[in-house]
Amino acid sequence: MCVGFFRMSRFLNPRFEGFAPYLPGVQPKSGDVLRLNTNESPFPPSERALAFAAAQLPPCNRYPELRAGALREKLAKLYGLGRENYLPGNGSGELLHYAYLAFCGGRTGVAFPSVSYGLYASLAQVHGVDAYRIPLRADFTLAPEECFGLGRTLVLANPNAPTGLALSRAEIERVLEANPDQLLILDEAYAELGAESCIPLLKRHDNLLVLQTFSKARSMAGLRLGFAVGSEELIAELNAIRLSVNPANVNAAALALGLGILEDYDSVRENCRAIMENRAFLTAGLEALGFRVLPSEANFVLAATERMDAARLCRELGARGILIRHYSQAEIADYNRITVGTRAQMERLLTEIGGILARAEA
Ligand SMILES: *Cc1c(COP(=O)(O)O)cnc(C)c1O
């Protein structure tokens with residue numbers, strides 16, 4: 001993987017001088033490759049969800065329903081509050097972009113953990129927002145006190161990526177209480193996989209905006225759907241920006257399948273149970289091979305071993321058709337991030353890792 005250096009044309013806005021673009025995990029075309037590098041679900045949506053979506057799909061020569069009323073209604077039924085508290089987006093990444101536009105400009109800089117989702121830093125660059133990196137403890141956990149009194153909009157992934165470590169709802173509430181005049185954008189991309197959601201805190205705190213996605217636990221990465229949930233005021237502000245940037249941001253197919261998935265939500269819960277079981281299986285298997293594995297509440301684990309350099313392990317697995325994610329960032333350069341897949345995929349991965357390590361040590 002190579003970092004694309006920007007050769008500026010004379011037309012580029014000078015603000016982007018030295019810009020380091022966000023690097024998504026590689027997405028190979030070949031069907032033979034086992035993708036454990038982008039945290040997708042290994043499970044397709046259920047037959048029932050797909051059938052529901054097919055029956056709902058409006059003619060594609062028409063714009064999608066711009067207000068996404070039915071989807072917002074269903075989200076409100078499932079997670080509480082009212083439909084005016086929800087705003088769907090083209091993935092939660094899009095909503096994060098709108099949240100930066102709405103809540104991070106001008107006087108208010110942004111703060112996020114020193115090890116976190118790469119998009120937070122690249123969006124700060126895109127929006128010209130000053131960013132403070134909140135230090136983590138040596139074990140990658142976040143002390144809530146580190147988030148107190150920074151005077152900035154806070155952006156936290158919970159569980160954090162790529163560590164998988166989560167704060168409890170009570171700890172998040174301490175952050176909200178310590179910063180009543182700062183907004184906390186809480187990215188719950190990995191909701192439903194073990195960590196407590198903080199949506200219930202919205203009843204008591206107006207300085208919280210929660211983002212969730214259908215890309216991970218909800219099997220819909222390819223169609224792009226996410227949502228924001230917050231006070232009616234915050235949602236109206238985000239919606240005003242959405243209407244002014246991309247009013248048809250959620251396409252008709254994504255809306256239809258999103259509804260179908262909520263219609264058959266038991267199958268999402270069942271898939272999440274399987275992922276959590278496979279996560280425990282993967283963790284135990286890696287530990288048996290001499291890895292230390294952070295206790296994850298997401299559909300990936302971050303793991304390191306003294307037995308082999310992490311970048312090399314990533315390359316060796318790649319040569320055998322298994323993609324995992326290595327980050328060159330110094331704090332986590334000893335680790336790889338591995339997406340939790342099916343039981344059979346995890347067995348194949350562990351067998352390959354065992355073989356690679358044994359051969360290297362022979
Ligand atoms: C995957 C991910 C997202 C969202 O991705 P979308 O596909 O744009 O919804 C957001 N935050 C984190 C931490 C993620 O890992």
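The values are calculated or read from the model by the stated rules, or taken from the named source; none is laboratory data. In this text, all values refer to a predicted model and were calculated from it rather than measured experimentally. Reconstructed Cβ throughout: ideal geometry from the backbone, glycine too, with neighbour counts over all protein chains shown.
Of all residues in segment 84-103, those that are closer than 16 Å to VAL126 by Cβ and in contact (Cβ under 8 Å) with a residue 12 or more places away in the chain have Cβ atoms under 8 Å from Cβ atoms of residues that are in a helix (DSSP H, G or I) and near the ligand (Cβ under 8 Å from one of its atoms), 6 or more apart or on another chain, in GLY93/LEU119; LEU96/LEU119. Restricting LEU234, LEU211 to residues that are of a type outside the set (D, E, K, R), within 22 Å of ASP181 (Cβ to Cβ) and more than 16 Å from the ligand (Cβ to nearest atom) narrows the list to LEU234.
Residue pairs whose Cβ atoms lie under 7 Å apart, separated by 6 or more positions or on different chains, with the first residue in segment 229-252 and in contact (Cβ under 8 Å) with a residue 40 or more places away in the chain and within 26 Å of ARG62 (Cβ to Cβ) and the second surrounded by 12 or more Cβ atoms within 10 Å (Cβ to Cβ) and among the charged types (D, E, K, R), are ILE235/GLU84; ASN249/GLU94; ASN249/ARG242.
With respect to LEU123, is the statement that it is assigned to a helix (DSSP H, G or I), touching a helix residue (DSSP H, G or I) at 6+ places or on another chain (Cβ under 6 Å) and within 15 Å of the ligand (Cβ to nearest atom) true? Yes; evaluated as a whole, the condition is true for this residue.
Assess whether ALA333 counts as being of a type in the set (A, V, I, L, M) and either crowded, with 17+ Cβ neighbours inside 10 Å or more than 30 Å from ASP206 (Cβ to Cβ) (or both). Let's see the steps before the verdict.
Values: of a type in the set (A, V, I, L, M): yes; either crowded, with 17+ Cβ neighbours inside 10 Å or more than 30 Å from ASP206 (Cβ to Cβ) (or both): yes.
Yes.
Picking from ALA170, ALA191, ALA195, which residue would you name as being closer than 24 Å to GLY80 by Cβ, free of Cβ contacts under 8 Å to residues at least 24 places away in the same chain and not in a strand (DSSP E or B)? Reasoning before the result, please.
Working: ALA191 fails: free of Cβ contacts under 8 Å to residues at least 24 places away in the same chain; ALA195 fails: free of Cβ contacts under 8 Å to residues at least 24 places away in the same chain.
Going through ALA170, ALA191, ALA195 in turn, the sole match is ALA170.
Taking residues in segment 291-306 that are over 21 Å from LEU193 (Cα atoms) and β-branched (Val, Ile, Thr), and partners anywhere that are buried (at least 20 other Cβ atoms within 10 Å of the Cβ) and modelled with pLDDT of 95 or more, the pairs with Cβ atoms closer than 7 Å and at least 6 places apart or on different chains are THR305/PHE291.
Within segment 78-96, how many residues turn out to be away from the ligand (no atom under 16 Å from the Cβ) and either within 17 Å of the chain's Cα centre (by Cα) or not hydroxyl-bearing (Ser, Thr, Tyr) (or both)? Give the derivation first.
Going residue by residue through segment 78-96, those that are away from the ligand (no atom under 16 Å from the Cβ) are 78-85.
The next check asks that each one be either within 17 Å of the chain's Cα centre (by Cα) or not hydroxyl-bearing (Ser, Thr, Tyr) (or both); those that pass are 78, 80-85.
Selection size over segment 78-96: 7.
Residues in segment 12-66 that are part of a loop (DSSP other than H, G, I, E, B), over 24 Å from the mean Cα position of the chain (by Cα) and more than 30 Å from ARG315 (Cα to Cα): 13 in all.
Looking only at segment 135-167, which residues are under 19 Å from TYR100 (Cβ atoms), in a loop (DSSP other than H, G, I, E, B) and under 18 Å from the mean Cα position of the chain (by Cα)?
At the first step, the residues of segment 135-167 found to be under 19 Å from TYR100 (Cβ atoms) are 147, 150-158, 160-161.
Narrowing the set further to residues that are in a loop (DSSP other than H, G, I, E, B) leaves 150-152, 158, 160-161.
ASN158, ASN160, ALA161, listed by residue number.
Checked against (1) more than 15 Å from the ligand (Cβ to nearest atom); (2) in contact with a Cys (Cβ under 6 Å, 6 or more places away or on another chain), VAL110 passes all but a single condition, namely (1). Would you check if there is a residue in segment 146-153 being in contact with a Phe, Trp or Tyr (Cβ under 7 Å, 6 or more places away or on another chain), without any contact (Cβ under 8 Å) to a residue 60 or more places away in the chain and buried (at least 24 other Cβ atoms within 10 Å of the Cβ)? Looking through segment 146-153, at least one residue is in contact with a Phe, Trp or Tyr (Cβ under 7 Å, 6 or more places away or on another chain), without any contact (Cβ under 8 Å) to a residue 60 or more places away in the chain and buried (at least 24 other Cβ atoms within 10 Å of the Cβ).
Among the residues of segment 213-251, the ones that are small (Gly, Ala, Ser) and not in a loop (DSSP other than H, G, I, E, B) come to 5 in all.
In this entry, SER116 is excluded by the filter for residues that are surrounded by fewer than 21 Cβ atoms within 10 Å (Cβ to Cβ) and either closer than 21 Å to ALA304 by Cβ or within 16 Å of the ligand (Cβ to nearest atom) (or both). Taking first residues from segment 269-286 that are at pLDDT 95 or above and partners that are of a type in the set (S, T, N, Q), the Cβ contacts under 6 Å between residues at least 6 apart in sequence or on separate chains come to ILE275/ASN299. Quick one: is ARG174 surrounded by fewer than 22 Cβ atoms within 10 Å (Cβ to Cβ), over 18 Å from LEU119 (Cα atoms) and of a type in the set (Lys, Arg)? Yes; evaluated as a whole, the condition is true for this residue. When residues in segment 104-119 are screened for being in contact (Cβ under 8 Å) with a residue 12 or more places away in the chain and within 20 Å of ILE241 (Cβ to Cβ), 6 of them pass.
Which of the following residues is more than 16 Å from the ligand (Cβ to nearest atom), assigned to a helix (DSSP H, G or I), farther than 27 Å from LEU184 by Cα and not β-branched (Val, Ile, Thr): ARG312, ARG307, ARG292? Reasoning before the result, please.
On the way: ARG307 fails: assigned to a helix (DSSP H, G or I); ARG292 fails: assigned to a helix (DSSP H, G or I).
Of ARG312, ARG307, ARG292, the one residue that is more than 16 Å from the ligand (Cβ to nearest atom), assigned to a helix (DSSP H, G or I), farther than 27 Å from LEU184 by Cα and not β-branched (Val, Ile, Thr) is ARG312.
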